[in-house]
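In what follows, a structure is listed as structure tokens, so that the remarks can point back to it.
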Amino acid sequence: MVQVGGQIDTQVVIVGAGPVGLSAALRLEGFGISAVVLEQEQVLPEDLRASTFHPPTLDMLAQYGVADELIAQGLRCDHWQIRNHDTGDKAVFDLSYLVGETDHPFRLQCEQFRLCRILEARLAYARHVQICMGAQVVRVDQNDTSARVVYEQDGQECTITAKYVIAADGARSTVRGLLGWELEGKTYPETTILAITDFPFEEHLEGLSNVNYCWTEGGTFSLLKLKDFWRCSLYPRGEESIDDALDPASIEAKLQGIVAREEPYKVLEIRPYRVHMRIAPDYRKGRVILAGDAAHINSPSGGMGMNGGVHDAFNLTDKLHQVLSGADEGLLDLYTRQRRPIAEREILAQADKNRSRMQERDGERRKAMMVEMQAMLSDPVQHKAYVMRSSMIDGLRKAASIT
Ligand SMILES: Cc1cc2nc3c(=O)[nH]c(=O)nc-3n(C[C@H](O)[C@H](O)[C@H](O)COP(=O)(O)OP(=O)(O)OC[C@H]3O[C@@H](n4cnc5c(N)ncnc54)[C@H](O)[C@@H]3O)c2cc1C
């Protein structure tokens, strides 16, 4: 389908082969819509990012037989908790309340690159979709009938024309920049330090879930289990600089603060990252439509960024299918109307609330919050309502009701 250096036509160009771009590609293949995915990297990135898949995302992927393969590579999480590490007091959120609302009433703990690998393997035999690796998009022009995407590959400048372009090229989206848009919002002051260890915390901390957000004296951390290791989110203490906090001795001290042991911890990977709460002013300009991190970024607390992006991809490809089958192009604005407010109110705002709760340092406030959460969880109606929202089912239903 693609001739390097030549002019070709396809119905859709997808920029970026992350979880969002590849989910969109899978959908378009299913609809029989021709698409080319342009990915700047030579091989799919495998850096440790999202690790939580929420129930509706698994329901969506199940339509393509992808969920079971992913579940086999991950860890089922039937409950998650907010915990005071010093007192052992906890609020446990039970996902079995979701039975009957989803085919997957649990969170799946699994690295996002595993989804990308599965999707790439599926698409290797696609009839309508082609993935072009090492293809960096540098320019996008559009007119009334088509969009022209210019990319660099193997030192050559190549051009491809399409009816529509999905910009799924991540938080630093080149395409969004070319549209003249920036993500609006804020960046939080703290830097999170992700430390991966194979230490079995579950054998030392009583009643741990596979996902735990923890308060500790003067600080906070989270422990998220993956199949073979724990991923610990740590934060600089007091006046500690980022460089000092990244020092192995500082990480060791923080891990010893979680479970003290004689042996040093084996830390397999360390990764610092900043957290943002930002959204694009619009999701569509003519034939170019943003999805995933290109459109919105949020605190990973609650694990909603990638999930929301995959939900964008499913919603948008539905609309593109209809428009390419003859429906009015204005239908593409319904994608923005449905997905942007949900990202703003359900994803960014909820992630912001989750982050603030865990950043609370005042002991009395923490105690009051814990009592409030425990009271809420003791009421089945409120408990179910909470997990319907935190599992992103509510947001999707609200989006579907927007016309
Ligand atoms: C530490 C951390 C933990 C997280 N945890 C969670 C979680 O548990 N759950 C959750 O839902 N989310 C989580 N997230 C967020 C999640 O990782 C992102 O939301 C997700 O990666 C977004 O997917 P995407 O496909 O939109 O973008 P990306 O994954 O960033 O993919 C974009 C792709 O586009 C390519 N690209 C960029 N520019 C170009 C160009 N010019 N031309 C061609 N290709 C280009 C990139 O190489 C990349 O492959 C986490 C993020 C971090 C950093």
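Numbers below:
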| item | result |
| --- | --- |
| Any helices (runs of 4 or more DSSP H) falling wholly within the stretch 242-340 and containing at least 3 residues that are within 30 Å of Ala147 (Cα to Cα) | 305-324 |
| Residue pairs meeting the criteria (Cβ under 6 Å; at least 6 apart or on separate chains; first buried (at least 17 other Cβ atoms within 10 Å of the Cβ), in the stretch 117-135; second among the acidic types (Asp, Glu)) | Ile118/Glu69; Ala126/Glu29; His128/Glu29; Val129/Glu29 |
| Candidate set: the stretch 62-79, residues that are surrounded by 19 or more Cβ atoms within 10 Å (Cβ to Cβ) and in contact with an Asp or Glu (Cβ under 9 Å, 6 or more places away or on another chain); chosen: the one farthest from Val150 (Cα to Cα) | Gly74 |
| Scope the stretch 362-386; condition open to solvent by less than 50 Å² (accessible area, probe 1.4 Å) and farther than 15 Å from Ala91 by Cβ; matching residues | Gly363 |
| Which listed residue, of His276, His321, is in contact (Cβ under 8 Å) with a residue 24 or more places away in the chain, surrounded by fewer than 23 Cβ atoms within 10 Å (Cβ to Cβ) and in contact with a Gly (Cβ under 7 Å, 6 or more places away or on another chain) | His276 |
| Failed item, numbered, when Thr192 is tested on (1) more than 11 Å from the ligand (Cβ to nearest atom); (2) touching a Pro at 6+ places or on another chain (Cβ under 9 Å) | (1) |
| Some residue of the stretch 173-189 being of a type outside the set (Phe, Trp, Tyr), crowded, with 20+ Cβ neighbours inside 10 Å, more than 24 Å from Ala17 (Cα to Cα) and in contact with a strand residue (DSSP E or B) (Cβ under 8 Å, 6 or more places away or on another chain) | no |
| Whichever residue in the stretch 195-211 is within 23 Å of the chain's Cα centre (by Cα) and either within 15 Å of the ligand (Cβ to nearest atom) or at positive phi (or both) and, among such residues, is surrounded by the fewest Cβ atoms within 10 Å (Cβ to Cβ) | Ile196 |
| Within the stretch 387-403, considering residues that are outside any helix (DSSP H, G or I) and β-branched (Val, Ile, Thr), the one surrounded by the fewest Cβ atoms within 10 Å (Cβ to Cβ) | Thr403 |
| Considering residues of the stretch 212-230 that are more than 19 Å from Leu108 (Cα to Cα) and among the aromatic types (Phe, Trp, Tyr) only, the residue farthest from the chain's Cα centre (by Cα) | Trp215 |
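The values are calculated or read from the model by the stated rules, or taken from the named source; none is laboratory data. Everything quoted here is computed from the prediction, not taken from an experiment. No Cβ is skipped: glycine too gets one built from the backbone with ideal geometry, and neighbour counts run over all protein chains shown. Keep in mind that these areas ignore ligands, DNA and RNA; they rest on the heavy atoms of the full protein, side chains included. Shrake-Rupley method; radii C 1.70, N 1.55, O 1.52, S 1.80 Å.
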